[in-house]
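The values are calculated or read from the model by the stated rules, or taken from the named source; none is laboratory data. Values in this document were obtained by computation on a predicted structure and should not be read as measured data. Positions of Cβ are generated from backbone atoms using ideal geometry, with glycine treated the same way; all protein chains shown enter the neighbour counts.
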Amino acid sequence: MRIGNTFFITLVIGALWGAIYTVVFSVLAMLISGETIIPDVGVALFSGVAGAASYILHPAKGRSWYWVSVSAALALVVYVVVTGVMGSSNELTVLTFGTAVVTFLIAAASWHLCLNGMGSESQVRYQLEVIFLRVMKGLGFVFFSIIVALPFYVMLMTSLKSQQSLLANPLDLSIDLTQNPQQLFRSYIELFTKYQFGQFLLNSTIVSVVTVIITLLFSIPGAYAVSRLRFPGKEVMARSILLIYMVPAIVLVIPLYAVFSQLGLRNSLLGLIIVYPATTIPVAVYMFQGYFRGLPYELEEAGLMDGLTRVGVILKITLPLSLPAIASVSLYIFMIAWNEFLFAFMFLDDPSIFTLSRGVQSLNTSEIPRQHLMAGAVIATLPVLVLFLWFEKFLVAGLTAGSVKG
């Protein structure tokens, strides 16, 4: 691609990433340190232009990560010289300089990812489209990362603060790391010593695990029957599995509350264990049937010809091939049961059997400090987050498998 055709776009990309990351990391530094840092967006635009220009002027085949660091260093030097950020040696200046270093390192990596491989004189329009898509993908990644990470950061930092610091300045989200661990994690310690949070965790774990087991026991045979067997009404059943989700949960709560009260199941974990699978089995059947339909039927026929029963085919052939789907559905059902609040709020009155979501809601009172509520929210979020990250590859494989035949 000719330099004349891309040089202007390169300058725009350099200015864009320089300005965006200057604002993002300046705000992040303010949140972490509690100091006021005013991002110099104008200088960041100019510095990003200089760094990106030095990058694009280098031959395309030589644009390694070494050259990325060189262009980042050039942009940083321009920023430091123009702003005079190193004119003094106070703590705020050091923090501002450190923010600038991180800003232009990440910015240089971003314009490398956007422009890498661009520079040939052929397929100009195609390469411009590729650059545009890369830029939009990067902007989307930054935008949604901020949306996801910022609330969790605020929640985590608030949980680590003392009542005095919250009352003094609720918007100060910096943390004094000079405290000893017992003072820093005081909210978490008090949750488990004063507010029975260990029992809440145990109750949620029991309900969620039992819900997953019951759901798998019913949904796997049901999905297999819908996807493999022939019987009257099969198509109607397959299409109407998810109809239960057209009924709002609040509509189901009232009659279930009355029936469970008469049966003595309202204020017990058994009641939740009955209700939760009733809401998760349909979606599990829907997910499993798509996967089962994508499995080669010839393997099951071979098993039947070798003397296996239909149950034996499911246990020895279908299930081993369906481990990614089982893992993804199990994780999805576990998250539903772990985070469910409405039924737990309506059915449970005894604090000793509160699930985690119900327990966190019980902390939302004027008598309990706000940092305890935030600590409870962190505890409720982390187990599912860890499980999701650990089983992510199974989740993606299970959700997409069976969608294409061939």
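Data table
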item	result
Out of Leu173, Leu184, Leu139, sole residue that is in contact with a helix residue (DSSP H, G or I) (Cβ under 6 Å, 6 or more places away or on another chain), more than 30 Å from Ile314 (Cα to Cα) and surrounded by 14 or more Cβ atoms within 10 Å (Cβ to Cβ)	Leu173
Residue in region 191-199 that is assigned by TED's automatic domain parsing to the domain that holds Leu272 and outside any helix (DSSP H, G or I) present	yes
Residue selected from region 66-121 under the condition part of a helix (DSSP H, G or I) and among the polar types (S, T, N, Q), by the criterion modelled with the lowest pLDDT	Thr93
Residue that is surrounded by fewer than 13 Cβ atoms within 10 Å (Cβ to Cβ) and not basic (Lys, Arg), where the choices are Pro232, Pro221	Pro232
Single residue of region 37-57 satisfying the filter (without any contact (Cβ under 8 Å) to a residue 24 or more places away in the chain and outside any helix (DSSP H, G or I)) that is surrounded by the most Cβ atoms within 10 Å (Cβ to Cβ)	Pro39
Qualifying helices (runs of 4 or more DSSP H) (wholly inside region 234-314; at least 2 residues being touching a residue at least 40 places away in the same chain (Cβ under 8 Å), in the same structural domain as Ile213 (by TED's automatic domain parsing) and within 22 Å of Val207 (Cα to Cα))	249-263, 269-294
Test: residue in region 154-163 that is closer than 30 Å to Ile336 by Cβ and exposed (fewer than 15 other Cβ atoms within 10 Å of the Cβ)	yes
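Here's the yes/no breakdown for (1) at pLDDT 90 or above; (2) among the basic types (Lys, Arg); (3) surrounded by 18 or more Cβ atoms within 10 Å (Cβ to Cβ); (4) touching a strand residue (DSSP E or B) at 6+ places or on another chain (Cβ under 7 Å):
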| position | (1), (2), (3), (4) |
| --- | --- |
| Val313 | no, no, yes, no |
| Tyr332 | no, no, yes, no |
| Pro351 | no, no, no, no |
| Thr355 | yes, no, yes, no |
| Ile368 | no, no, no, no |
| Gln371 | no, no, yes, no |
| Ala380 | no, no, yes, no |
